[in-house]
Amino acid sequence: MSLILNIETSTKNCSVSIANEGEVLVIKELNNGNYSHAEMLHPFIDDIINKSNISLSDIDAIAVSKGPGSYTGLRIGVSAAKGLCFAFDKPLISIDTLTSLSYSITINQGIIVPMIDARRMEVYSAIFDANHQLVREIKADIVDEETYLEYLEKSRVYFLGDGATKCKEIIKHKNAIFIESKYPSAREMAKLSFDKYKISDTENVAYFEPFYLKDFIVIPEKKKN
């Protein structure tokens, strides 16, 4: 038995699960359109621990979504995961957010483009084949009608995630397929975290930081006249 607590807070979906050898035993998540992770995350963890009839000391590892995504959301998730690792002396596993998101759909052929919303017409995206193998690394893309044209001209392209919603208004190619209501989730993390656990692919708890992709920028409040 290998019990892993998975924590996903990179978007507005606050999601936690407990999995045994890659199979989800219990999951709790909420996407209410707000970043409610600061209030929800620890109660969610307590709830699924109680429902699983185990204690946190029984967990073999803690896995956290490392980004890219919301700066604040990632900080909350990683801080919680590291705190639990220190408190219970457990290994920390990091999971790439876009890879996890790509596993939320299954296709026979074509390309998967998971997207996380960034500023204005920008998204964080990566490109995967039908077997969820990385085709193009993670980038911050400014989206226009030609951004993914080289892939759209060759096969169907499945866009998913909260970044795909705004791209639907711009990308009109016949091979573009937009899948609604897909967010990074602790459900898809389960298999990925177990795969890493089996080969002891863990992080240094003291020094691990989220993968923001871009620097966090504070926009000053406009002065009132």
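Since every read-out is calculated from the coordinates, none of them should be taken as a lab result. Model, not experiment: these values are computed from the prediction. We place every Cβ from the backbone using ideal geometry, glycine too, and count neighbours over all the protein chains shown.
Listing for the model above:
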| read-out | value |
| --- | --- |
| Given charges at beta-carbon only (K, R positive; D, E negative), |dipole| of segment 1-110 in Debye | 320 |
| Charge tally in the Cβ shell below 14 Å around L30, where Lys, Arg are +1 and Asp, Glu are -1, L30 excluded | -1 |
| Residue order, fewest to most beta carbons within 10 Å, for M189, M40, M115, M121 | M121, M40, M115, M189 |
| Candidates F178, F44, F86, ranked by Gaussian network fluctuation over the chain, Cα under 10 Å, top entry | F86 |
| Selection from S100, I116, L192 lying farthest towards where the dipole of the chain points positive, charges on Cβ | I116 |
| Angstrom value of the Kirkwood radius, inverse mean 1/r, which spans all Cα pairs in segment 105-179 | 12.0 |
| Cα centre as origin, Lys/Arg/Asp/Glu Cβ charges: the chain dipole, Debye | 560 |
| In order through segment 42-59: 3J(HN,Hα) via Karplus (6.51 cos²θ - 1.76 cosθ + 1.60), integer Hz, x for Gly, Pro | 5, x, 4, 4, 4, 5, 6, 5, 5, 5, 8, 6, 10, 10, 4, 5, 7, 5 |
| Simple spin-label estimate for K174 and F208 in nanometres, 7 Å along Cα-Cβ | 4.7 |
| Helix 186-198 vs. the chain, principal-axis angle (Cα, 0 to 90°, nearest 10) | 60 |
| Hull volume in cubic angstrom per residue (convex hull over the Cα atoms of the chain) | 139 |
| Choice from S181, S100, S15 showing the highest fluctuation, given a GNM over the chain with Cα pairs closer than 10 Å | S181 |
| Rounded Å value of the spacing that divides the Cα centres of segment 107-130 and segment 1-78 | 23 |
| K166, K66, K90 arranged by Cβ crowding within 10 Å, fewest neighbours leading | K166, K90, K66 |
| Most fluctuating residue given options I127, I177, I95, as computed from a GNM of the chain linking Cα atoms under 10 Å | I177 |
| Cα long-axis angle, helix 71-88 against the chain (0 to 90 degrees, to the nearest 10) | 20 |
| Positive minus negative residues near S193 (Lys, Arg vs Asp, Glu; Cβ under 15 Å) | -3 |
| Selected from G33, I59, V157, residue furthest toward positive end of dipole (the chain; charges at beta carbon) | G33 |
| Only Lys, Arg (+1) and Asp, Glu (-1) charged, at Cβ; segment 105-179 dipole about Cα centre in debye | 160 |
